[in-house]
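I have placed the structure first, in the form of structure tokens, so that the comments after it can refer back to it.
The values are calculated or read from the model by the stated rules, or taken from the named source; none is laboratory data. Since this is a predicted model, take the numbers as computed values, not measurements. Here the Cβ positions follow ideal geometry from the backbone for every residue, glycine too, while neighbour counts run over all protein chains shown.
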Amino acid sequence: MWTLITWKDTTAIEEAWSDEDDIASLRPLSVITVGKVIHQTDDYVTIAGTVGVDDPDYGDVTCIPMGCIQHMIELEEPQNGTETELPERIR
């Protein structure tokens, strides 16, 4: 199933040394990932942003802990006969 996931990602300070003001302003980053859900459990969702049409390969794969997910929205499949009809392999 194709899904849009809104979730909180971890962030970090890349500098070797940071003062308390920099640390105090650090917050998780809100992100959106859209792709095909490959695997889902009570603990996490694995989603692929790129799916091979002619072969079984996936790219842009992300495993998101359920505790980080704010919203999951299943996207509707295109209706038959439309120009955007998806091949069976990537549905």
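Quick look at the values:
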item	result
Enumeration of residues in the stretch 41-59 that are surrounded by fewer than 15 Cβ atoms within 10 Å (Cβ to Cβ), assigned to a strand (DSSP E or B) and not hydroxyl-bearing (Ser, Thr, Tyr)	49, 59
The stretch 60-81, residues that are touching an Asp or Glu at 6+ places or on another chain (Cβ under 8 Å) and either modelled with pLDDT of 95 or more or assigned to a helix (DSSP H, G or I) (or both)	65, 66, 68
Neighbours by Cβ (under 8 Å, 6+ apart or cross-chain): first from the stretch 1-25, in a loop (DSSP other than H, G, I, E, B); second not aliphatic (A, V, I, L, M)	1/36; 1/74; 10/28; 11/27; 11/28; 13/22; 15/22
Residues of the stretch 1-40 satisfying the condition of being exposed (fewer than 11 other Cβ atoms within 10 Å of the Cβ) and acidic (Asp, Glu)	14, 15, 19, 20, 21
Filtered residue count, the stretch 26-40, keeping only those that are without any contact (Cβ under 8 Å) to a residue 24 or more places away in the chain and within 30 Å of residue 56 (Cβ to Cβ)	3
Hits in the stretch 1-25 (condition: of a type in the set (A, V, I, L, M) and within 23 Å of residue 66 (Cβ to Cβ))	1, 4, 5, 12
Residues being aliphatic (A, V, I, L, M) and modelled with pLDDT of 95 or more - total across the stretch 39-56	3
Identity of the residue in the stretch 20-77, under 16 Å from residue 4 (Cβ atoms) and of a type in the set (Ser, Thr, Tyr), that ends up nearest to the chain's Cα centre (by Cα)	33
